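Enquirer: Here it is, the structure, as structure tokens.
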């Protein structure tokens with residue numbers, strides 16, 4: 001039997017131990033983030049979403065990863081400082097992990113296997129390929145800022161391409177649907 005997603009050991013960016021179980025009863029948006037990516041400005045919309053919806057039960061959880069073109073080279077301290085100073089990020093950030101490859105973190109192994117297909121992925125996959133960027137095959141994470149939606153029961157109920165932003169109607173609708181459930 002595989003370990004429940006809520007029980008997978010994690011480490012917050014400040015070094016403290018955590019699990020997704022710490023957010024029991026909440027709707028979670030799990031995002032692999034990077035500070036030096038063309039998509040990095042998404043931090044702004046993710047923070048706005050967090051501030052607007054946290055009182056309704058949404059948690060945005062950021063997982064820095066350096067898997068794509070070295071776009072997250074910093075230490076946990078540097079990442080936290082960048083996010084705080086540049087984007088005033090207040091949503092929870094975790095220690096840098098690997099989201100693809102032989103050293104893939106167990107959380108991302110569980111997320112990708114629970115939801116192998118991402119909404120909106122085709123065009124972004126094609127864009128990366130057209131630039132000669134080698135991409136991992138599905139169900140692997142495609143790039144920075146891929147988003148996984150986890151319901152209040154701890155089940156992965158959605159996955160969104162990196163270029164599906166926090167204010168995209170498809171993501172907003174999926175979040176609203178989950179927040180409406182008791």
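Enquirer: Report whether or not residue 136 is outside any helix (DSSP H, G or I), over 14 Å from the mean Cα position of the chain (by Cα), farther than 19 Å from residue 27 by Cβ and in contact (Cβ under 8 Å) with a residue 12 or more places away in the chain. If you could, list the steps in order and put the result at the bottom.
Expert: Values: outside any helix (DSSP H, G or I): yes; over 14 Å from the mean Cα position of the chain (by Cα): yes; farther than 19 Å from residue 27 by Cβ: yes; in contact (Cβ under 8 Å) with a residue 12 or more places away in the chain: yes.
So residue 136 fits the description; yes.
Enquirer: Run residue 46 past the list (1) without any contact (Cβ under 8 Å) to a residue 60 or more places away in the chain; (2) surrounded by 14 or more Cβ atoms within 10 Å (Cβ to Cβ); (3) in contact with a strand residue (DSSP E or B) (Cβ under 9 Å, 6 or more places away or on another chain); (4) in a helix (DSSP H, G or I) and report the number of the one that doesn't hold.
Expert: All conditions are met except number (1).
Enquirer: Among what's in segment 23-43 and is more than 22 Å from residue 156 (Cβ to Cβ) and under 13 Å from the mean Cα position of the chain (by Cα), pick the residue that is surrounded by the fewest Cβ atoms within 10 Å (Cβ to Cβ). Talk me through it step by step, then tell me what you get.
Expert: Let us first name the residues in segment 23-43 that are more than 22 Å from residue 156 (Cβ to Cβ), namely 35-38, 40-41, 43.
After this cut, where a residue has to be under 13 Å from the mean Cα position of the chain (by Cα) as well, the list is 40, 43.
Working: 40: 19, 43: 24.
So, considering only residues that are more than 22 Å from residue 156 (Cβ to Cβ) and under 13 Å from the mean Cα position of the chain (by Cα), the one surrounded by the fewest Cβ atoms within 10 Å (Cβ to Cβ) is 40.
Enquirer: Then there is this: Looking only at segment 109-123, which residues are touching a strand residue (DSSP E or B) at 6+ places or on another chain (Cβ under 7 Å) and either free of Cβ contacts under 8 Å to residues at least 12 places away in the same chain or crowded, with 19+ Cβ neighbours inside 10 Å (or both)? Before the answer, list the steps.
Expert: Quick first cut of segment 109-123, residues touching a strand residue (DSSP E or B) at 6+ places or on another chain (Cβ under 7 Å) only: 111, 114-115, 117-120.
Scanning segment 109-123 gives 111, 115, 118.
Enquirer: Out of 145, 82, which single residue is modelled with pLDDT of 95 or more and part of a loop (DSSP other than H, G, I, E, B)?
Expert: Numbers: 82 fails: part of a loop (DSSP other than H, G, I, E, B).
It is 145.
Enquirer: Can you tell me which condition residue 105 does not meet? The list is (1) at pLDDT below 95; (2) in contact with a strand residue (DSSP E or B) (Cβ under 8 Å, 6 or more places away or on another chain); (3) over 24 Å from residue 48 (Cβ atoms), and all the others hold.
Expert: (1)
Enquirer: Okay, next question. Kindly indicate which of 125, 51 is at pLDDT below 95 and more than 14 Å from the chain's Cα centre (by Cα).
Expert: Working: 51 fails: at pLDDT below 95.
Checking each option against the conditions leaves just 125.
Enquirer: May I pose another question? Which members of segment 66-103 meet the condition of being within 24 Å of residue 6 (Cα to Cα) and in contact with a helix residue (DSSP H, G or I) (Cβ under 8 Å, 6 or more places away or on another chain)?
Expert: Result: 89, 90, 91, 93, 95, 96, 97, 98, 99, 100.
Enquirer: Also, quick follow-up: Only residues that are outside any loop (DSSP other than H, G, I, E, B) and under 15 Å from the mean Cα position of the chain (by Cα): list them for segment 12-22, please. I'd like the intermediate steps shown before the answer.
Expert: Going through segment 12-22, the residues outside any loop (DSSP other than H, G, I, E, B) turn out to be 12, 17-18, 20-22.
Hits for segment 12-22 are 12, 20.
The values are calculated or read from the model by the stated rules, or taken from the named source; none is laboratory data. The structure displayed is predicted, hence computed values, not measured ones. Backbone-built Cβ (ideal geometry, glycine too); neighbour counts: all protein chains shown.
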